1. Within the stretch 41-49, is even one residue closer than 18 Å to residue 6 by Cα, touching a residue at least 40 places away in the same chain (Cβ under 8 Å) and either surrounded by 19 or more Cβ atoms within 10 Å (Cβ to Cβ) or in contact with a helix residue (DSSP H, G or I) (Cβ under 9 Å, 6 or more places away or on another chain) (or both)?
2. Does residue 87 qualify as being assigned to a loop (DSSP other than H, G, I, E, B), surrounded by 14 or more Cβ atoms within 10 Å (Cβ to Cβ) and touching a strand residue (DSSP E or B) at 6+ places or on another chain (Cβ under 8 Å)?
3. Considering only the stretch 56-73, I want to know if a residue exists there that is loosely packed, with under 15 Cβ neighbours inside 10 Å, in a loop (DSSP other than H, G, I, E, B) and at pLDDT 95 or above.
4. So residue 18 clears everything in (1) exposed (fewer than 12 other Cβ atoms within 10 Å of the Cβ); (2) under 22 Å from residue 2 (Cα atoms) except one condition, right? Which one?
5. How many residues are free of Cβ contacts under 8 Å to residues at least 24 places away in the same chain and under 12 Å from the mean Cα position of the chain (by Cα) if we restrict to the stretch 50-75?
6. Within the stretch 12-40, can you find the residues that are without any contact (Cβ under 8 Å) to a residue 40 or more places away in the chain, closer than 16 Å to residue 66 by Cβ and assigned to a helix (DSSP H, G or I)?
7. When you look at residue 32, is it surrounded by fewer than 17 Cβ atoms within 10 Å (Cβ to Cβ) and either under 15 Å from residue 82 (Cα atoms) or modelled with pLDDT of 95 or more (or both), yes or no?
8. Condition first: at pLDDT below 95 and closer than 16 Å to residue 87 by Cβ. Can you find one or more residues in the stretch 36-45 that meet it?
């Protein structure tokens with residue numbers, strides 16, 4: 001049973017389709033970890049809190065995912081997945 005609900009923005013879903021299959025699979029594992037462990041799941045490289053309620057981690061050297069989590073809620077919103085160079089931070 002998931003402790004957290006992970007919402008994936010429509011733009012993330014569209015961008016994800018364009019990424020390599022290995023990145024898509026790693027992102028799917030990240031979503032499961034976010035559902036089970038919350039906004040700071042263990043075992044992800046360069047996982048950190050950004051500013052405010054935003055977090056990010058590297059899926060590989062070149063690809064990152066970013067999400068938002070409001071304290072006191074059980075909803076995590078993934079708002080970016082893609083190249084490190086295009087990341088919104």
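The values are calculated or read from the model by the stated rules, or taken from the named source; none is laboratory data. Predicted model only: the values in this text are computed from it and were never measured. Neighbour counts are summed over all protein chains in view; Cβ atoms, including those assigned to glycine, are modelled from backbone coordinates with ideal geometry.
1. Checking the stretch 41-49: not a single residue is closer than 18 Å to residue 6 by Cα, touching a residue at least 40 places away in the same chain (Cβ under 8 Å) and either surrounded by 19 or more Cβ atoms within 10 Å (Cβ to Cβ) or in contact with a helix residue (DSSP H, G or I) (Cβ under 9 Å, 6 or more places away or on another chain) (or both).
2. On the way: assigned to a loop (DSSP other than H, G, I, E, B): yes; surrounded by 14 or more Cβ atoms within 10 Å (Cβ to Cβ): yes; touching a strand residue (DSSP E or B) at 6+ places or on another chain (Cβ under 8 Å): yes.
So residue 87 fits the description; yes.
3. Residues of the stretch 56-73 that are loosely packed, with under 15 Cβ neighbours inside 10 Å, as a first pass: 60-62, 70-73.
Subset that is in a loop (DSSP other than H, G, I, E, B): 60-62, 70-73.
Imposing the further condition that a residue be at pLDDT 95 or above reduces the set to none.
No: zero hits.
4. All conditions are met except number (2).
5. So the count comes out to 4.
6. Hits for the stretch 12-40 are 13, 14, 26, 30, 33.
7. On the way: surrounded by fewer than 17 Cβ atoms within 10 Å (Cβ to Cβ): yes; either under 15 Å from residue 82 (Cα atoms) or modelled with pLDDT of 95 or more (or both): yes.
Yes; evaluated as a whole, the condition is true for this residue.
8. Yes, the stretch 36-45 has at least one match.
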